[in-house]
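Taking it in order: structure first as structure tokens, then the write-up.
Every number in this text was worked out from the coordinates using simple rules, so none of it is lab data. Being a predicted model, the structure only gives us computed values, none of them experimental. Cβ placement follows ideal geometry from the backbone for every residue including glycine, while neighbour counts extend to all protein chains displayed.
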Amino acid sequence: MVNSSVLRDNTTLTTTISSRLLQFIQWTFIPSIIIGFIFFLCFITLVFNIFLKNPTLRENARYILFVFLLINDTLYLFLGFYLMLASLNFLRIPAPLCYILYTFSSGAFKVTPCNLAAMAVEQYIAICHPLRHVELCTPQRANVVFTMICSFVMFPYVAEFCVMASSMTNILNLYIVCQKETLVVNPIQNIIRSISLILFFIMIGVVIIFTYVKVMLVATKMCAESSSASKAGRTVMIHAFQILLCTSPLLTTFTQAYTSKWPDFLPTVHFFVFTCLPRFLNPIIYGIRDELLRHYIKKSLSGYIC
């Protein structure tokens, strides 16, 4: 009996220590997210300042799309961070507000890869149709393309909301913990989500493969490793890598299956690794890669230092 009691006490103590350790690790990730987010905001503020002060950038569709990318990623991080904290603290909010936040957050997640694909198309036009680049890639067309991307991404959520509203449920009158699973009241919603996600990946994949193949064919014909076509091909591949980074949150479905022992610990880790890090790296990757933007960033930083 004594040995049994000691064993139970040791087990309880071990469980308590493990729980406290997980909570400590979880709440150390949150300051890391905040610090990373501050640096991210400082960087995009610098880029916005450069963009607004230089007409060369403001008249270039490539940099307009890049600025849209930063704005969208900022929105996604703000909404994602709020939803994560609300979920961790079991904060209940009205279901319609939850659906609006979920729609904008999930929509912003999909807008970034589409925006990167549009930037790859701009590279394709610049290399394969240089004489028409000025005509096709105007600031006005860049604004139209981004608007079309947002409309395309939001359409499935409108359809999903219509399914929710038409279902025999009172969820729209409830206060709920805001999670995407909580909003599913009809199996058709999961079908809409799956189909839209599959079409989304097919479209992005086709655009990236098409632009890369076309650009590299031009680079091969030019027979110059240092040609602009070769650089454009590498840029398209960087966009493909950025797309993989930005879609990494989809891996949480698989990681949750193998780490189900720590359900309270996972949301913070997943948000930091799969949501924050890819968005933090996006502007840095492009800012370092692009020669003109890198030149302006160095010039601005040297001005601040002096």
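For a quick size check, give me the Cα extents of segment 28-305 along its three principal axes, largest first, whole Å.
61, 44, 37
Sequence gap at least 6, Cα distance under 8 Å: using those rules, report the relative contact order of segment 28-305 to the nearest whole percent.
Numbers: 254 pairs, mean separation 76.5, N = 278.
Result for segment 28-305 is 28 percent.
Explain nothing, just the number: relative contact order of segment 26-147, from Cα pairs under 8 Å at least 6 residues apart, as a whole percent. Don't jump to the answer; show the numbers that get you there.
Details: 63 pairs, mean separation 43.2, N = 122.
Relative contact order comes out at 35 percent.
Please arrange S106, S166 by how many other C-beta atoms lie within 10 Å of their C-beta, fewest to most. Display every interim value, and only then the final one.
Values: S106 22, S166 10.
Going from least to most buried by this count: S166, S106.
Exposure proxy check: M119, M203 ranked by fewest other beta carbons within 10 Å?
With the fewest neighbours first, M119, M203 line up as M203, M119.
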